[in-house]
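Asker: This is the structure, below, for whatever I ask next.
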Amino acid sequence: MGTKPEIDSGTVVVIAPLEGSPAAEAGIATGWELLRVDGLPTQELGLEATASRLRGAAGTRVLLELQPPQGQPQELELSRRQVDLQPVRSRVIERAGQRFGYLRITQFAEPVPAAVAVALQELQQQEITGLVLDLRNNSGGLVSAGLAVANDLLSSAPIVETMNRDGFADAQQAGPGSLYAGPMVTLVNGGTASASEILAGALQDDARSPLLGGRTFGKGLIQTLIGLGGDGSGLAVTVARYVTPSGRDIQNLGIEPERPLGAPEPLNPGGADDSWLESALTMLAERTTTQEAGAEA
């Protein structure tokens, strides 16, 4: 369960539950505020101690008090267990006589760039004519992994700038060439955060891929945690922030897709009843048809 600390108020907010996790199965969703863990207020625990108390041995239980954005506080007891993350999933989808690749990345862990490279190679061996990149409920992870995937999809284009407290910028740019250069569209939602927002913002600003879905979460701060004692408490200090290639600040603002998709949002991204994926495939078919017509002309 990815969580975001709100520095001003000290609250801890859910970015997105991991797919297949007890939190997801209990219906916990993006934007829920975590109030207590086993009766202890998260504002007193701090982020590090809260995360530590959420973890535990498989089979043990943890009592959470949460508050949905438009609801009353409620208690949920979850049973901890191992979760098979499968952060990279891919398949071919056939529509209107065309073969489209579907690539879903649920978090940016260390093995993800290599897994994405393999997936892109396998999809292209199956002669796809376009790609849907699904970043929904990807709460981030290793920024370096997100930058590596951006490098795979962008050629000699800016990815992100890091602005420090003194206003100095450190720009990251993709190298020449890419692992996939064909048409693509990208799905995002309110659970798309941090490293996945960096990737989405670069794809949008560089006109590499339009975004569909909902506004992203808005987590663009770089923070360091200073321990305050032996109880796991700490102080999160902001040292820099991420901005997209066009200079947009990600923090608290998020990224607005070119084509917002309406409610209800699909509960099972990539599943058989995923209406947002169908919208993405329709847009991708339009883009590939347009590009083919332009090439013929």
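Asker: Taking the stretch 19-71 only, how many residues are assigned to a helix (DSSP H, G or I) and either touching a Lys or Arg at 6+ places or on another chain (Cβ under 8 Å) or among the hydrophobic types (A, V, I, L, M, F, W, C) (or both)? Before you say what the answer is, go through the steps one by one.
Answerer: Here is the first cut: in the stretch 19-71, the residues assigned to a helix (DSSP H, G or I) are 22-25, 42-54.
If we keep only those that are either touching a Lys or Arg at 6+ places or on another chain (Cβ under 8 Å) or among the hydrophobic types (A, V, I, L, M, F, W, C) (or both) as well, we get 22-24, 42, 45, 47, 49, 51, 54.
Within the stretch 19-71, residues that are assigned to a helix (DSSP H, G or I) and either touching a Lys or Arg at 6+ places or on another chain (Cβ under 8 Å) or among the hydrophobic types (A, V, I, L, M, F, W, C) (or both) number 9.
Asker: Sticking with this structure for a sec: Being of a type in the set (S, T, N, Q) and more than 30 Å from ALA57 (Cα to Cα) is the filter here; which residues of the stretch 73-108 pass it?
Answerer: In the first step, residues of the stretch 73-108 are kept if they are of a type in the set (S, T, N, Q); the result is 74, 79, 82, 86, 90, 98, 106-107.
SER90, GLN98 - these are the residues of the stretch 73-108 that are of a type in the set (S, T, N, Q) and more than 30 Å from ALA57 (Cα to Cα).
Asker: Identify all residues within the stretch 42-59 that are modelled with pLDDT of 90 or more and among the small types (Gly, Ala, Ser); write none if there are none.
Answerer: Correct list: GLY56, ALA57, ALA58, GLY59.
Asker: Give the residue, chosen from ASP166, ASP170, ASP134, ASP152, that is at negative phi and either outside the structural domain of GLY101 (by TED's automatic domain parsing) or within 11 Å of the chain's Cα centre (by Cα) (or both).
Answerer: On the way: ASP166 fails: either outside the structural domain of GLY101 (by TED's automatic domain parsing) or within 11 Å of the chain's Cα centre (by Cα) (or both); ASP170 fails: either outside the structural domain of GLY101 (by TED's automatic domain parsing) or within 11 Å of the chain's Cα centre (by Cα) (or both); ASP152 fails: either outside the structural domain of GLY101 (by TED's automatic domain parsing) or within 11 Å of the chain's Cα centre (by Cα) (or both).
The match here is ASP134.
Asker: Can I ask one more? Show the residue pairs meeting these rules: Cβ distance below 7 Å; 6+ apart or different chains; first residue within the stretch 246-273 and closer than 18 Å to LEU284 by Cα and assigned by TED's automatic domain parsing to the domain that holds GLU197; second residue among the hydroxyl-bearing types (Ser, Thr, Tyr) and at pLDDT 95 or above.
Answerer: Final answer for the pair search is LEU261/SER279; GLY270/TYR102.
Asker: Is the stretch 133-150 home to any residue that is in contact with a Gly (Cβ under 9 Å, 6 or more places away or on another chain) and surrounded by fewer than 19 Cβ atoms within 10 Å (Cβ to Cβ)?
Answerer: Scanning the stretch 133-150 turns up no residue that is in contact with a Gly (Cβ under 9 Å, 6 or more places away or on another chain) and surrounded by fewer than 19 Cβ atoms within 10 Å (Cβ to Cβ).
Asker: Residues that are within 30 Å of GLY39 (Cα to Cα) and out of contact with any helix residue (DSSP H, G or I) (no Cβ under 7 Å at 6 or more places or on another chain): find the strands (runs of 3 or more DSSP E) completely inside the stretch 72-112 holding 1 or more of those.
Answerer: Result: 74-79.
Asker: Considering every residue within the stretch 211-230, establish whether at least one is of a type in the set (D, E, K, R), closer than 14 Å to ARG136 by Cβ and either at pLDDT below 85 or touching a helix residue (DSSP H, G or I) at 6+ places or on another chain (Cβ under 8 Å) (or both). Before the answer, list the steps.
Answerer: Our first condition is that a residue be of a type in the set (D, E, K, R); within the stretch 211-230, this holds for 215, 219.
Cutting the leftovers down to closer than 14 Å to ARG136 by Cβ gives us 215.
Imposing the further condition that a residue be either at pLDDT below 85 or touching a helix residue (DSSP H, G or I) at 6+ places or on another chain (Cβ under 8 Å) (or both) reduces the set to none.
No; the residues of the stretch 211-230 include none that is of a type in the set (D, E, K, R), closer than 14 Å to ARG136 by Cβ and either at pLDDT below 85 or touching a helix residue (DSSP H, G or I) at 6+ places or on another chain (Cβ under 8 Å) (or both).
Asker: Just to be sure before I move on: is GLY101 in contact with a strand residue (DSSP E or B) (Cβ under 6 Å, 6 or more places away or on another chain), modelled with pLDDT of 95 or more and small (Gly, Ala, Ser) in the structure I sent?
Answerer: Numbers: in contact with a strand residue (DSSP E or B) (Cβ under 6 Å, 6 or more places away or on another chain): yes; modelled with pLDDT of 95 or more: yes; small (Gly, Ala, Ser): yes.
Yes; evaluated as a whole, the condition is true for this residue.
Asker: Could you tell me how many of the residues in the stretch 41-74 are under 22 Å from the mean Cα position of the chain (by Cα) and of a type in the set (Asp, Glu)?
Answerer: Of the residues in that region, 1 qualify.
The values are calculated or read from the model by the stated rules, or taken from the named source; none is laboratory data. Quick caveat: nothing in here was measured; it's all calculated off a predicted structure. With ideal geometry, Cβ positions are generated from the backbone for all residues, glycine too; neighbour counts draw on all protein chains shown.
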